[in-house]
Amino acid sequence: MGKRAKGTILFASNHQSWMDILLIGGATGASFVSKETVRNWPIAGWLATMVGTIYIANSDRRAAGAQAERIRQALTASTSVAFFPEGKLDNGTLQPFRPALFGAVIPPVDHIAVQPVALDYGEHSEDLIWPSGTHAATNARQVFARRGVENVTIHLLDPIEIDENSHRKDVAEQCQSAIADALGQKIDRELA
């Protein structure tokens, strides 16, 4: 639902499954930000590297400024980038957005906007999402063993224009609010 914004975009989405990457990548053509450990995963790590994934050490909050700068460099080079500001799987319930990586577009870069993306796995979401603590291969086997086809709704929401008055925390809150509204969820602003 909705349209991909034109030009180079920073996409911010809720995170429920390893399938999120396939869905958002297919809908936007963006490169992704991923935790460093994914680089070493069999097959998935190789594929992620081949499509230009920007790897970050998400456990090192002191490195957030340098990580945002790496994303900014990709955006400046006309590469759209997608990331999951929750910083982890959300088990179907929207988690607080971490604002650090929104710093990639603050101060503004060449009219680059932020487009929130809400992924809705629908009425069978409990069968499709990747529960925290479950091994990726185990979850993939469970998903592929399901019979039939399920629809996932990708809400490409209205882009948020960035200007000289924008602040990364405000942009994070705007994205989270837009995604929560699209999913019909309330927001818990407390970081876990």
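Between Ala182, Gln73, Thr28, the Cα set farthest toward the positive side of the dipole of the chain (charges on each charged residue's Cβ, about the Cα centre) is that of Gln73. Once the C-beta distance of Glu123 and Asp170 is scaled by a Förster radius of 35 Å, the resulting FRET efficiency is 0.55 to the nearest 0.05. Projecting label points 7 angstrom from Cα along Cα→Cβ for Ser177 and Thr138 puts them 3.9 nm apart.
When each of the peptides 180-186, 79-85 is scored by the mean number of other C-beta atoms lying within 10 Å of its residues, the order from highest to lowest reads 79-85, 180-186. Quick one, which of (1) 10.5; (2) 20.6; (3) 11.0 is the actual mean projected area of the Cα convex hull in nm² calculated for this model? Entry (1). For the chain, the longest principal axis of the Cα atoms and the long axis of helix 19-28 meet at an angle of about 50 degrees. Taking the longest Cα principal axis of the chain as reference, the axis of helix 136-145 is set at about 60 degrees. The DSSP beta bridges internal to the chain are antiparallel in roughly 25% of cases.
Working ranking of peptides 107-114, 15-22, 37-44, 96-103 by packing, defined as the average number of other Cβ atoms within 10 Å per residue, highest first, is 96-103, 15-22, 107-114, 37-44.
Rounded to the nearest 0.05, what FRET efficiency do Ala66 and Arg147 have when you use their Cβ-Cβ distance and R0 = 35 Å? List each step's numbers first, then the result.
On the way: r = 46 Å, r/R0 = 1.31.
E(calc), rounded to 0.05, equals 0.15.
Cross-link partners among lysines for Lys186, C-alpha distance below 22 Å, same-chain residues fewer than 8 apart left out? Counting by Cα, and skipping residues close in sequence, Lys186 has these lysines nearby: Lys88, Lys169.
Here, each number is a calculation from the coordinates, and none is a lab measurement. Note that the coordinates shown come from a computational prediction; the quantities given were computed from them, not determined experimentally. Cβ: placed from backbone, ideal geometry, glycine included. Neighbour counts: every protein chain shown.
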